[in-house]
Amino acid sequence: MLICTIRISDVIDETMAIDMAENLLDLAEEVCSMSNRYLKNKKIKLLGAKMEHFRKRCVRKGWQQPLGRLKECFEILKEAEDEMESFT
């Protein structure tokens, strides 16, 4: 999983944005299944920042369809963060 290779600036239309949202959803699910807590926490923060950047781009461009998928991604990451907090 390489979160840093996903370039938000490469997304130029809504179709590409929908594909990007699907990829981010897959990454969110992958991060949540990680067993290394330190690495998992780091990846959650990195992916959350990337998703927020992408969300702002979608809002700015007026792309509505990817926003629904992003909402799912944020919910998955929120659950993972809550789970991490319960361990401490």
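Structural remarks
- Selection status of F87, touching a residue at least 40 places away in the same chain (Cβ under 8 Å), of a type in the set (F, W, Y) and open to solvent by 20 Å² or more (accessible area, probe 1.4 Å): yes
- In segment 58-70, the residues that are within 20 Å of K45 (Cα to Cα) and in contact with a Lys or Arg (Cβ under 9 Å, 6 or more places away or on another chain): L67, L70
- Scanning segment 33-45 for residues that are open to solvent by 80 Å² or more (accessible area, probe 1.4 Å) and either touching a residue at least 40 places away in the same chain (Cβ under 8 Å) or part of a helix (DSSP H, G or I) (or both) turns up R37, Y38, K42, K45.
- Among the residues of segment 46-56, those that are touching a helix residue (DSSP H, G or I) at 6+ places or on another chain (Cβ under 7 Å) and open to solvent by 60 Å² or more (accessible area, probe 1.4 Å) comprise L46, H53, R55.
- Applying the condition of being among the aliphatic types (A, V, I, L, M) and closer than 18 Å to R7 by Cα to segment 57-84 and asking which residue is surrounded by the most Cβ atoms within 10 Å (Cβ to Cβ) yields L70.
- When K78 is tested against the conditions (1) modelled with pLDDT of 90 or more; (2) in contact with an Asp or Glu (Cβ under 6 Å, 6 or more places away or on another chain); (3) not polar (S, T, N, Q), the lone failure is (2).
- The set of residues from segment 8-19 being within 17 Å of G48 (Cβ to Cβ) and either exposed (fewer than 13 other Cβ atoms within 10 Å of the Cβ) or modelled with pLDDT of 90 or more (or both) is empty.
- Qualifying residues in segment 16-54 (those that are in contact with a Lys or Arg (Cβ under 8 Å, 6 or more places away or on another chain) and among the aliphatic types (A, V, I, L, M)) - the one nearest to E72 (Cα to Cα): L25
The values are calculated or read from the model by the stated rules, or taken from the named source; none is laboratory data. Bear in mind that the values here come from a model prediction, so they are computed numbers and not experimental data. In this analysis, Cβ positions are derived from the backbone assuming ideal geometry, glycine residues included, and neighbour counts consider all displayed protein chains. Calculation scope for accessible area: heavy atoms of the full protein, side chains included, ligands and nucleic acids excluded. Shrake-Rupley method; radii C 1.70, N 1.55, O 1.52, S 1.80 Å.
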